[in-house]
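Comments concern the structure below.
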Amino acid sequence: MKEIETNTPVLVDCWAPWCPACKMLAPILDEIHEEFGLKMIKVNADKNEDFISKFQVLGLPTLLLFQENQLVERIIGYQSKETLIDILKSQGMIV
């Protein structure tokens with residue numbers, strides 16, 4: 001996926017339309033994107049099975065954090081906005 005082949009930090013949101021926790025997480029991710037300008041990519045698990053398999057996504061939602069082309073963090077399941085911000089800050093993806 002070319003979008004993660006960058007030196008810019010990228011958050012990949014692996015989701016599915018039938019996933020209730022994914023629907024709850026979506027507005028939180030939108031807020032984080034608006035507040036911090038973090039690059040985000042949404043990957044529909046039902047339509048991107050190769051990507052899901054390659055990165056061994058076993059549950060939804062799963063957030064994959066990439067820095068300099070490397071997977072640096074995997075966050076599985078619904079998380080609060082505060083928790084996500086803390087994780088993103090600890091990885092140096094936002095300030």
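Quick notes on this structure:
- When each of LYS54/LYS89; LYS23/LYS81; LYS2/LYS54; LYS39/LYS89 is checked by Cα-Cα distance, pairs over 21 Å: LYS54/LYS89
- Among VAL43, VAL12, VAL72: highest mean-square fluctuation, GNM of the chain, C-alpha pairs under 10 Å: VAL72
- The local environment of SER80, defined by Cβ-Cβ distances under 12 Å, has a net charge of -2 under the rule Lys, Arg +1 and Asp, Glu -1.
- Between ASN7 and LYS54, the FRET efficiency from the beta-carbon distance, with R0 = 25 Å, is close to 0.75.
- Averaging the sequence gap over all C-alpha pairs within less than 8 Å and six or more residues apart, then dividing by the number of residues, gives the chain a relative contact order of 37 percent.
- Each Lys and Arg Cβ is given +1 and each Asp and Glu Cβ -1; about its Cα centre, the chain then shows a dipole of about 160 debye.
- Spatial extent of the chain: Rg and Dmax, with the Cα atoms as the point set, Å: 12.3, 33
- Coil-residue trypsin sites (Lys or Arg not before Pro) of region 34-95, DSSP, other Cβ within 10 Å capped at 14: LYS47
- What the Cβ-Cβ distance of THR83 and TRP18 gives, at R0 = 22 Å and to the nearest 0.05, is a FRET efficiency of 0.35.
- By the Cβ rule of 4.7 Å, the chain holds the following cysteines without a possible disulfide partner: CYS14.
- Cα gyration tensor category, rounded, prolate or oblate, for region 20-64 with a/c compared to 1.5: prolate
Every number here is computed from the coordinates shown, using simple stated rules; none is lab data. Only a predicted model underlies this, so the values are computations on that prediction, with no experimental measurement involved. A quick note on method: Cβ atoms are made from the backbone with ideal geometry, for glycine too, and the neighbour counts reach across all protein chains shown.
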